[in-house]
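*Asks:* My questions all concern the structure below.
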Amino acid sequence: MNERTAVLFDFGGVITTSPFEAFARLEAERGLPAGLIRRINATDPDGNAWALFERAEIDAAAFDTRFAEEARALGHALRGEDVLAVLVGDIRPGMVRALDRLVALRFRIGCITNNVPSGDGPGMARDPAKAALLADVLARFEVVVESSVEGVRKPDPLIYAIACERLGVAPETCVFLDDLGVNCKGAAGLGMAAIKVTGERQALGELEQVLGMESGSLS
């Protein structure tokens, strides 16, 4: 019998398309160096504008200003507001079907998301129609743990522990999926089986293997 009985998902980049794709389009449209936004966010990763905003230690106006200052320090002009405008990705239908399949098979499911206090709810959408679609997906999870609500963000071990406590499971019984390796490393450090997501098919295939399922069981 497989000991993994709970599956925890990141949201952006796993259930939805990666925000990095939108960042790349924005950089290309503005004539900015490829990877600039990720470079800004990787500088002082625990104390930069993005980190502060994900922990809700600053508001959107302060993020806009601070992010622009960080971009300017690297020689470029880019407002934080411009990044927030493209942040929310599109829902991956195959991942949503997998959520429903996991629930039908009696797996416990939860979401751990590094998000910001912007837009509507955990999905951060600004368009009402998209916000409703994201809310419908988020409602499938038994628990949704948000960095901007808890004041702690992945890969801090505390945020994974919060999710496990609220779900009533031990980390060793969980599988965790995230599109960032550093966040997967944080989960693995607590005993979770971690899957770094590079695409929908890859993620579901690896999840089936970890859960001891036949290929295609979650499709």
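The values are calculated or read from the model by the stated rules, or taken from the named source; none is laboratory data. The model shown is predicted, which means the values in this text are computed figures rather than measured ones. We place every Cβ from the backbone using ideal geometry, glycine too, and count neighbours over all the protein chains shown.
*Asks:* Listed residues 145, 175, 137, 149; which is touching a residue at least 40 places away in the same chain (Cβ under 8 Å), buried (at least 17 other Cβ atoms within 10 Å of the Cβ) and either of a type outside the set (A, V, I, L, M) or closer than 24 Å to residue 87 by Cα (or both)?
*Replies:* Being touching a residue at least 40 places away in the same chain (Cβ under 8 Å), buried (at least 17 other Cβ atoms within 10 Å of the Cβ) and either of a type outside the set (A, V, I, L, M) or closer than 24 Å to residue 87 by Cα (or both) holds for just one of 145, 175, 137, 149, which is 137.
*Asks:* Can you find even one residue in region 55-65 that is in a helix (DSSP H, G or I) and of a type in the set (D, E, K, R)?
*Replies:* Yes: one or more hits.
*Asks:* Assuming residue 35 fulfils every condition listed in (1) free of Cβ contacts under 8 Å to residues at least 24 places away in the same chain; (2) surrounded by 19 or more Cβ atoms within 10 Å (Cβ to Cβ) apart from one, which condition is it?
*Replies:* (2)
*Asks:* Which of the residues that make up region 37-51 are in contact with a Phe, Trp or Tyr (Cβ under 9 Å, 6 or more places away or on another chain) and in a helix (DSSP H, G or I)?
*Replies:* 37, 38, 40, 41, 49, 50
*Asks:* With (1) in a loop (DSSP other than H, G, I, E, B); (2) closer than 27 Å to residue 175 by Cβ; (3) not acidic (Asp, Glu) as the list, and residue 34 as the residue in question, which single condition is left unmet?
*Replies:* Of everything listed in (1) in a loop (DSSP other than H, G, I, E, B); (2) closer than 27 Å to residue 175 by Cβ; (3) not acidic (Asp, Glu), residue 34 misses just condition (2).
*Asks:* Kindly list, by first and then second residue, each pair from a residue in region 8-20 that is within 16 Å of residue 130 (Cα to Cα) to a residue that is basic (Lys, Arg), limited to pairs with Cβ atoms under 8 Å and residues at least 6 apart or on different chains.
*Replies:* What qualifies is 15/92; 16/92; 17/92.
*Asks:* Spot the failing condition for residue 158; the list is (1) in contact with a helix residue (DSSP H, G or I) (Cβ under 7 Å, 6 or more places away or on another chain); (2) more than 27 Å from residue 219 (Cα to Cα), and only one is missed.
*Replies:* (1)
*Asks:* So is residue 112 assigned by TED's automatic domain parsing to the domain that holds residue 163, among the β-branched types (Val, Ile, Thr) and within 24 Å of residue 159 (Cα to Cα) or not?
*Replies:* Spelling it out, residue 112 is indeed assigned by TED's automatic domain parsing to the domain that holds residue 163, among the β-branched types (Val, Ile, Thr) and within 24 Å of residue 159 (Cα to Cα).
*Asks:* Among the residues of region 19-29, how many are farther than 10 Å from residue 86 by Cβ and loosely packed, with under 13 Cβ neighbours inside 10 Å?
*Replies:* Residues that pass the stated criteria total 1.
*Asks:* Can you tell me how many residues in region 120-164 are at pLDDT 95 or above and on the phi > 0 side of the Ramachandran plot?
*Replies:* Selection size over region 120-164: 1.
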